[in-house]
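All remarks here apply to the structure that follows.
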Amino acid sequence: MTDFKQVYLDNNATCKTSPGVVEAMLPFFGDLYGNPSSMHSFGGRVAEHVISARAKVAALLNASPEEIVFTSCGTESDNHAIRGTLEANPEKKHIVTSKVEHPAVLNVFRFLAKRKGYRVTELGVNKQGDLNLEELKAALTPDTVLLSIMAANNESGTLFPIDEIGAIAREKGVIFHTDAVQAVGKIPVDLKKLPVDLLSLSGHKLHTPKGIGALYIRKGTRISPFIIGGHQEHGRRAGTENVPYIIGLGQACEEAMNDIFEENNRVRKLRDKLETGLMSQISHAHINGNPQWRLPNTSNIGFEFIEGEAILLHLSAAGIAASSGSACTSGSLEPSHVLMAMQVPFTYAHGSVRFSLSKFTTEDEIDYALKTIPPVVQKLRDMSPFYDPKK
Amino acid sequence: MWDYTKSVMDHFSNPRNVGKIENANGVGEVGSLACGDALKLYLKIDPETGKIEEARFQTFGCASAIASASALTEMVKGMSIEEASKVTNDDIARFLGGLPEQKMHCSVMGREALEAAIANFKGEEIAEHEDATVICKCFWVDEQKLREVVIENKLKTVEEVTHYTKAGGGCGGCVPDIKRILNDINGTKADEPVEKPRMTNLQRIKLITETIETKIAPILRADGGDIELVDIDGYDVYVKLHGACAGCSGAKATLQKIVQETLRKEVDPDISIIEASK
């Protein structure tokens, strides 16, 4: 094929590493090998860089550096936030989350219900993936210790009103954690303004290599350490610092801060171009998620009468990477829990494809996707017993 | 990504015999949009010789569903209906150089469509099974089909049954029924212990208390000791030892061995015994 391309539209799964991030990390794989805790110059020089990285992460969130704890990934941050909060507040036994959380939250809650005797409320969503805040408010009881609601959904891109949710939690005296892995860097997150107690973020969604995350812990929040050992991270997360990756995360947060305007505008325009282009060329297609209140980089489209895995494999053969909420792609037999919670009909739940862009996505790539995707959908529809071209 | 064979990828990328046959005299349709895959098979059979002259298909499904349907049509073209009726799901999978275990249900769907198309040609009504015999209500799999697939593919575990038929892959409510059918076919020797139904917290607390009182305390008391139940938190049971047992170097071993093993056996294998401080 003469116009063969590689077009990566699966950035909510993981992103291309930023060349600036890799460059910032490299010295710490070599000469700058000191342990930041050591009382000599080898360590001291490295410690200065770790301090600076922590400040950059804090700056992106408008938080204080001492409120940032480095972790190994978003999942660790979520586990730390949830299990650490419960351990430090053992007197209450009710916890609340939503049905559309990432497994890093949802499966922790289900484990706590099954094995630790916690009463769990999982809040549902409407067809656009929005929560009912009245229902949320009513779910918080005097026995409720923790509310965990994601900032942005990884599959549909739907944003939750973290400001309003946090205000309700505060009014009810409930600790509020938000999994902001998909939101940080894509939309502004200002923790001086947002009533959030705990916030998880992940490096590889911000263009670092995989293996680094952070947990924001608002000053004064009662939480127990998750990994116990040395005094690193003020005793909140023991273990010798993963220095190169911490430096990488600092650099990535600095870049995100510079790029967030572009992310909000150029990427949104490209996403809209892709989405309106596909919707106008392809009949019987539906946007999953709240079309207005949504991450600027995400488009989840359900194509009726065809199945997601078949779409992805044809797209992959044409060089385009995307993902699907279809049952077959996950190895389970039911479509994604997010689409099911949104009551997406079976007619297009199985044929739902998520396209997620990043700052590295170009207009050229979107043009190629717009040219490539409609024939793939048509090819599969032509062999589907449910598709009637006359309708 | 799934580990598909070259042949699966070939039949997926370039499926053979796609489409309808307008004057087909044997049509079989299985699956639905809700199930996540469906197959409609069209056969043109010579009424004199019973030979399948043409086979085409339409399918809604993943790569292995498309490949299985394509393979099926290639296999049965030119066969007599007697020969075709002997084609098994395993034959379809083997034609493709194998399918991932979790995708075997795609080959089963191919065989079912073939069966339905042949029955349609012969003018037989495939009896709609009564609701009462439907075992898996998520994917609408009835007992007869389950039994056929279990016997034909020598299935031993619930997981295998799910891979081949999807039954049990939704809400999981029919898993006990699948176990019953497996035990029935493979003899009474259960391949997996039949799970006791999960107790409520209240039932578990009651049973733990009873077990300690009637089965554990008497053994300790016989040695001049005693056991006090302090608290139960989920599956964590906090106890204190008194009398001869307390402070005895063997106390920990006693706790671990007698108390935990007894409670795990009588109540739940996930129980942990923790010595209450203070």
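The values are calculated or read from the model by the stated rules, or taken from the named source; none is laboratory data. In this text the structure is predicted, and so the values were computed from the model without any measurement. Backbone-built Cβ (ideal geometry, glycine too); neighbour counts: all protein chains shown.
Evaluate region B:163-177: report whether one residue or more is surrounded by 17 or more Cβ atoms within 10 Å (Cβ to Cβ), of a type in the set (Gly, Ala, Ser) and in a helix (DSSP H, G or I). Scanning region B:163-177, I find no residue that is surrounded by 17 or more Cβ atoms within 10 Å (Cβ to Cβ), of a type in the set (Gly, Ala, Ser) and in a helix (DSSP H, G or I), so the answer is no.
With the condition kept exactly as written, say whether any residue in region B:42-55 is within 17 Å of A:Arg381 (Cβ to Cβ), within 11 Å of chain A (Cβ to nearest Cβ) and outside any loop (DSSP other than H, G, I, E, B). Within region B:42-55, not a single residue is within 17 Å of A:Arg381 (Cβ to Cβ), within 11 Å of chain A (Cβ to nearest Cβ) and outside any loop (DSSP other than H, G, I, E, B). Taking the condition basic (Lys, Arg) and buried (at least 20 other Cβ atoms within 10 Å of the Cβ), does A:Arg266 pass? No: the conditions fail for A:Arg266.
Screening B:Arg94 on (1) farther than 29 Å from A:Asp388 by Cβ; (2) among the basic types (Lys, Arg); (3) in contact (Cβ under 8 Å) with a residue 60 or more places away in the chain shows it passes everything except condition (3).
Of B:Thr5, B:Thr59, B:Thr49, all but one fail to be touching a strand residue (DSSP E or B) at 6+ places or on another chain (Cβ under 8 Å), surrounded by fewer than 17 Cβ atoms within 10 Å (Cβ to Cβ) and polar (S, T, N, Q); the exception is B:Thr49. Among helices (runs of 4 or more DSSP H) entirely within region A:311-391, having at least 1 residues that are more than 14 Å from chain B (Cβ to nearest Cβ) and touching a strand residue (DSSP E or B) at 6+ places or on another chain (Cβ under 7 Å) singles out A:337-341, A:363-382. Please go through region A:273-287 and pick out each residue that is within 17 Å of A:Gly308 (Cβ to Cβ) and touching an Asp or Glu at 6+ places or on another chain (Cβ under 8 Å). Of everything in region A:273-287, those that are within 17 Å of A:Gly308 (Cβ to Cβ) and touching an Asp or Glu at 6+ places or on another chain (Cβ under 8 Å) turn out to be A:His284, A:Ala285, A:His286, A:Ile287. In the condition set (1) of a type in the set (D, E, K, R); (2) free of Cβ contacts under 8 Å to residues at least 24 places away in the same chain; (3) within 14 Å of another protein chain (Cβ to nearest Cβ), A:Glu134 is compliant with all but (3). So is B:Cys174 at pLDDT below 85 and not small (Gly, Ala, Ser) or not? Taking the combined requirement at face value, the residue does not satisfy it.
Scanning region A:16-42 for residues being of a type in the set (Asp, Glu) and either within 27 Å of the chain's Cα centre (by Cα) or within 14 Å of A:Glu254 (Cα to Cα) (or both) gives a total of 1.
The lone criterion from (1) more than 14 Å from chain B (Cβ to nearest Cβ); (2) within 30 Å of B:Lys137 (Cα to Cα); (3) assigned to a strand (DSSP E or B) left unmet by A:Ser299 is number (2). Looking only at residues of region B:9-41 that are in a helix (DSSP H, G or I) and more than 10 Å from chain A (Cβ to nearest Cβ), we find that the one that is farthest from the chain's Cα centre (by Cα) is B:Asp10. Is it the case, given these coordinates, that A:Ala139 is more than 14 Å from every other protein chain (Cβ to nearest Cβ), among the aliphatic types (A, V, I, L, M) and more than 15 Å from the chain's Cα centre (by Cα)? So A:Ala139 fits the description; yes.
This table checks each residue for (1) surrounded by 16 or more Cβ atoms within 10 Å (Cβ to Cβ); (2) under 21 Å from the mean Cα position of the chain (by Cα); (3) among the acidic types (Asp, Glu).
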{"position": "A:Ile311", "(1), (2), (3)": "yes, no, no"}
{"position": "A:Ala317", "(1), (2), (3)": "no, no, no"}
{"position": "A:Phe355", "(1), (2), (3)": "yes, yes, no"}
{"position": "A:Thr362", "(1), (2), (3)": "no, no, no"}
{"position": "A:Val376", "(1), (2), (3)": "yes, no, no"}
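The single residue among A:Val57, A:Val69, A:Val96, A:Val120 that is under 30 Å from A:Ile301 (Cα atoms) and either assigned by TED's automatic domain parsing to the domain that holds A:Asp190 or in contact with a helix residue (DSSP H, G or I) (Cβ under 7 Å, 6 or more places away or on another chain) (or both) turns out to be A:Val96.
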